[in-house]
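Peer 1: Take a look at this one; I'll ask things after.
The values are calculated or read from the model by the stated rules, or taken from the named source; none is laboratory data. Keep in mind the model is a prediction, meaning the values are calculated, not measured. Here the Cβ positions follow ideal geometry from the backbone for every residue, glycine too, while neighbour counts run over all protein chains shown. What goes into the accessible areas is simple: the full protein's heavy atoms, side chains included, and nothing from ligands, DNA or RNA. Shrake-Rupley method; radii C 1.70, N 1.55, O 1.52, S 1.80 Å.
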Amino acid sequence: QVQLVESGGGLVQAGGSLRLSCAASGDIFSINVMGWYRQAPGKQRELVATKSSGESPNYADSVKGRFTISRDNAKRTVYLQMNNLKPEDTAVYYCHASKFGMNYWGKGTLVTVSS
């Protein structure tokens with residue numbers, strides 16, 4: 001089992017920044033993909049950014065140029081730096097990890113962007 005715990009969400013004004021963190025624990029050996037998804041009220045969960053080991057990050061078009069995903073394998077943590085936030089970025093952000101085809105999710109952290 002893999003446990004994921006997110007932190008760093010909160011309330012921010014449009015144009016502001018936040019950094020989300022996701023700490024992984026448990027059987028983390030061979031986790032090959034970690035990333036972030038989000039779910040806004042009344043909408044489906046969508047990919048925000050993912051990072052596979054040894055590969056370039058993958059971003060949703062809506063966040064390209066504003067969000068940056070990074071991994072610190074030594075700290076078993078993945079980060080999402082979010083700049084120039086917009087009200088439409090308001091959502092619950094979920095950390096995700098994939099290992100041998102199994103998907104693991106955190107409980108989510110709420111990001112609210114006021115206009």
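Peer 1: Compute the signed sum of charges (Lys and Arg +1, Asp and Glu -1) over the other residues within less than 12 Å, Cβ to Cβ, of residue 80. The partial results should precede the final answer.
Peer 2: Working: positive: 19, 38, 51, 66, 71; negative: 6, 89.
Every neighbour counted, the sum reads +3.
Peer 1: What translational D, rounded to a whole number of µm²/s, comes out for region 1-42 from Stokes-Einstein when the hydrodynamic radius is the Kirkwood one over Cα pairs, at 25 °C and 0.890 mPa s?
Peer 2: Numbers: Rh = 12.7 Å.
It comes out at roughly 193 µm²/s.
Peer 1: Within 10 Å of each candidate Cβ there may be at most 12 other Cβ atoms; applying that plus a DSSP loop requirement, which chymotrypsin sites (Phe, Trp or Tyr not before Pro) in region 38-115 survive?
Peer 2: Values: sites: 59, 67, 79, 93, 94, 100, 104, 105; in loops: 100.
Here the chymotrypsin sites (Phe, Trp or Tyr not before Pro) that fit, given the DSSP loop and packing criteria, are 100.
Peer 1: Checking the cross-link filter: which lysines have an alpha carbon closer than 28 Å to that of residue 75, excluding same-chain neighbours under 8 positions apart?
Peer 2: Those lysines meeting the cut-off are 51, 64, 99, 107.
Peer 1: Could you pull out the trypsin sites (Lys or Arg not before Pro) across region 1-89 that fall in loop regions by DSSP (anything but H, G, I, E, B) with no more than 13 other Cβ atoms inside 10 Å?
Peer 2: Values: sites: 19, 38, 43, 45, 51, 64, 66, 71, 75, 76; in loops: 43, 45, 64, 66, 75, 76.
Answer by residue number: 43, 64, 75.
Peer 1: Using the Kirkwood radius over C-alpha pairs as Rh, can you work out the diffusion coefficient of region 18-115 via Stokes-Einstein at 20 °C, viscosity 1.002 mPa s, in µm² per second? Intermediate values should be presented prior to the final figure.
Peer 2: On the way: Rh = 13.7 Å.
For these conditions, the coefficient is 156 µm²/s.
Peer 1: I would also like to ask the following. Cα-based Rg (one decimal) and Dmax (whole number) for region 38-83, in Å?
Peer 2: 11.8, 37
Peer 1: Over the chain, average the accessible area per residue using a 1.4 Å probe and give it in Å², no decimals. All intermediate terms of the calculation are to be shown ahead of the outcome.
Peer 2: Details: 6290 Å² over 115 residues.
Value for the chain: 55 Å² per residue.
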